[in-house]
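Down below is the structure, laid out as structure tokens.
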Number of protein chains: 2
Amino acid sequence: MTAPNRVAIVGLGLIGASLARALRVAPAAPRVLGWDADAASLRTAVERGYIDTAVDSVEAAAREADLLIVATPVRSIAGIAARALAADSKVIVSDTGSVKQAVLSGLEGEGGDLRRFVAGHPVAGSERFGVDAADDTLFAGRRVVLTPTETTTETALAVVRATWEAAGARVECMSPDHHDEVLAATSHLPHVLAYALVDCLAGMEGNRELFAYAAGGFRDFTRIASSSPEMWRDILMENRAALEPTLEAFETTLSAMRVALRSGDEASVLATLQRARTARERFLNLMDAPDAR
Amino acid sequence: MTAPNRVAIVGLGLIGASLARALRVAPAAPRVLGWDADAASLRTAVERGYIDTAVDSVEAAAREADLLIVATPVRSIAGIAARALAADSKVIVSDTGSVKQAVLSGLEGEGGDLRRFVAGHPVAGSERFGVDAADDTLFAGRRVVLTPTETTTETALAVVRATWEAAGARVECMSPDHHDEVLAATSHLPHVLAYALVDCLAGMEGNRELFAYAAGGFRDFTRIASSSPEMWRDILMENRAALEPTLEAFETTLSAMRVALRSGDEASVLATLQRARTARERFLNLMDAPDAR
């Protein structure tokens, strides 16, 4: 077996329900089981045909599936994964959390069988969330990072890889700590900046007028600040070990720009802007397509 | 006369050429004259019919037009406006610069006739630039801020207002210093953050990989860092008096978030994210449409 016959998805939010939908329309579609702590989300997923069958617990999902994917908020992943691994001695378990070290150490703390666990993260998302935002093309052509450890079996890795490939994603592997550093820089830091910018403006006098004069660039720039606050609190807290040095590096860059502006050091200001523009243009082709979000 | 019969546009970049095009297709289209220091841009504007006639100097443009709009880089505006005002005793002069205090004090220093000068700023733009980016709908429904002073005549203000309204814009007035504060917060600060973020990542080890894992949110977030570095050096330098306190306020917000993360103050992290999301959602309807940029 490489591609699993029965995939259970625990947590039917944007990521979980989108994966369910993508697998259901894949060429060799597995049977998709689903569970969510929120009964309304689970009912919606069944009614709309996003999943084949609703199961009534994490344990039931583990016993009935070859592969169980935990797509719940990052702080709940380790506990759910441990329950799933304990409920069935053969099921392979994976997850979709935006932070990998915290999930792995949490699962180790729970005594989960790490041989059958493959930590994963689809680098895709949206400021939208919940089952209503599910999109069967969310992962098409997008990168999914898997962070197997020395303990992970080759079979487990192959099953999880095949599943994401069936959903249209490009699978790549890296170490958990490297994943967390990369995501701190490319996703968690930008979210912090967008939230901080909007909060900073919202706290200024005449804030209503400020937003009225915010042009299209501002809307784009702050779109990610419409993401779920609870979800992002968890991600930022769980990845703060990697995020903190990244934030400090950014603060150093920013205060250097402010000092250059204050002291009238035009050459330094221009050099920063030019380096940034050149880097963005150079790497633009590596980033996702503009319409993909 | 309210709407002018002959409008000269000096500087046929994104803003100037877009205004020319918008006026040419307006119901009671004025005759549009154009000049640009770059001969190729001027030729392109003529060949594509963006302007009716090319003139061969700022002075000629001033003598032949009722209204002359300076749409050149912000640091050159005061000098060009002064030349235009000196060349003809009746022409009304306006501009499109992103900073208003610096333009007005520069023009005062040049001894320009401030009665016939109306400082203006269309709050529209794009990371694209140059005559090739000209778009006759760029100002449709967008805000144009005029910052008349006590010296500005009512006639001059009415002529400039009517011209922007003909181009489809919504005209609003505020004081020059207030304009500069509002734009520092809503436009100049986000540009600094986007440039600083890309520069910060570009300076990190493994930067190529970082950009490869940057998802759609990052692309949106950094789009404004593809704007012209020279143009933005000038804007940031010219508005640094208003920008510096705004940057400091942002740095305070950001470092408070970092401290809250480090100290595990989850309630404070969540409160910031919630305030930001709520503010963005509340003010979303005030911002420009998502497709307008």
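The values are calculated or read from the model by the stated rules, or taken from the named source; none is laboratory data. All of these numbers come straight from a predicted model, not from anything done at the bench. Virtual Cβ from ideal backbone geometry, glycine too; neighbours counted across all protein chains shown.
Key figures for this structure:
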| read-out | value |
| --- | --- |
| Cβ-Cβ under 7 Å pairs, at least 6 apart or on other chains, segment A:100-111 side closer than 15 Å to A:Asp177 by Cβ, far side among the β-branched types (Val, Ile, Thr) and not in a helix (DSSP H, G or I) | A:Lys100/A:Thr147; A:Leu104/A:Thr149 |
| Qualifying positions in segment B:95-125 - touching a Ser or Thr at 6+ places or on another chain (Cβ under 8 Å) and hydroxyl-bearing (Ser, Thr, Tyr) | B:Ser98 |
| Options B:Arg233, B:Arg262: the member that is within 25 Å of A:Met231 (Cβ to Cβ) and either at pLDDT 95 or above or at the interface with chain A (Cβ under 7 Å from one of its Cβ atoms) (or both) | B:Arg262 |
| Meets criteria (hydrophobic (A, V, I, L, M, F, W, C), without any contact (Cβ under 8 Å) to a residue 60 or more places away in the chain and within 19 Å of A:Val74 (Cβ to Cβ)) for A:Leu114 | yes |
| Any hit, segment B:198-211, residues being under 28 Å from B:Asp38 (Cβ atoms) and in contact with a helix residue (DSSP H, G or I) (Cβ under 9 Å, 6 or more places away or on another chain) | yes |
| Single residue of segment A:117-152 satisfying the filter (more than 29 Å from A:Ala39 (Cβ to Cβ) and surrounded by fewer than 16 Cβ atoms within 10 Å (Cβ to Cβ)) that is farthest from the other protein chains (Cβ to nearest Cβ) | A:Thr151 |
| Members of segment A:237-282 that are crowded, with 20+ Cβ neighbours inside 10 Å and under 25 Å from the mean Cα position of the chain (by Cα) | A:Met237, A:Glu238, A:Asn239, A:Arg240, A:Ala242, A:Leu243, A:Thr246, A:Leu247, A:Phe250, A:Ala279, A:Arg280 |
| Residue satisfying all of: in segment A:138-195; of a type in the set (Lys, Arg) and under 15 Å from the mean Cα position of the chain (by Cα); farthest from A:Ala279 (Cα to Cα) among these | A:Arg170 |
| Residues of segment B:217-229 classified as at the interface with chain A (Cβ under 7 Å from one of its Cβ atoms), surrounded by fewer than 23 Cβ atoms within 10 Å (Cβ to Cβ) and either in contact (Cβ under 8 Å) with a residue 60 or more places away in the chain or of a type in the set (Phe, Trp, Tyr) (or both), total | 2 |
| So B:His188, is it in contact (Cβ under 8 Å) with a residue 40 or more places away in the chain and over 22 Å from A:Met257 (Cα atoms) | no |
| A:Ala156 of a type outside the set (Ser, Thr, Tyr), surrounded by 19 or more Cβ atoms within 10 Å (Cβ to Cβ), within 30 Å of A:Arg24 (Cβ to Cβ) and in the same structural domain as A:Pro73 (by TED's automatic domain parsing) | yes |
| B:Ala214 within 7 Å of chain A (Cβ to nearest Cβ), surrounded by 23 or more Cβ atoms within 10 Å (Cβ to Cβ), closer than 27 Å to A:Ser175 by Cα and of a type outside the set (Ser, Thr, Tyr) | yes |
| Conditions (1) in contact with a Gly (Cβ under 9 Å, 6 or more places away or on another chain); (2) modelled with pLDDT of 95 or more; (3) closer than 24 Å to A:Glu230 by Cα; (4) surrounded by fewer than 24 Cβ atoms within 10 Å (Cβ to Cβ): number failed by A:Ala86 | (3) |
| Selection count, segment A:265-283, where residues are facing another protein chain (nearest Cβ under 7 Å), at pLDDT below 95 and over 17 Å from B:Leu193 (Cβ atoms) | 2 |
| Unique match (being within 7 Å of chain B (Cβ to nearest Cβ), over 16 Å from the mean Cα position of the chain (by Cα) and surrounded by fewer than 22 Cβ atoms within 10 Å (Cβ to Cβ)) among A:Glu205, A:Glu209 | A:Glu209 |
| Criterion: at pLDDT 95 or above and aliphatic (A, V, I, L, M) - qualifying residue of A:Val55, A:Val123 | A:Val55 |
| Any hit, segment B:162-173, residues being touching a residue at least 12 places away in the same chain (Cβ under 8 Å), within 8 Å of another protein chain (Cβ to nearest Cβ) and assigned to a helix (DSSP H, G or I) | no |
| Residues of segment A:11-46 classified as assigned to a strand (DSSP E or B) and either on the phi > 0 side of the Ramachandran plot or in contact with a helix residue (DSSP H, G or I) (Cβ under 6 Å, 6 or more places away or on another chain) (or both), total | 4 |
| Unmet requirement for A:Leu286, which otherwise passes all of (1) surrounded by fewer than 16 Cβ atoms within 10 Å (Cβ to Cβ); (2) more than 7 Å from chain B (Cβ to nearest Cβ); (3) touching a Phe, Trp or Tyr at 6+ places or on another chain (Cβ under 9 Å); (4) not β-branched (Val, Ile, Thr) | (2) |
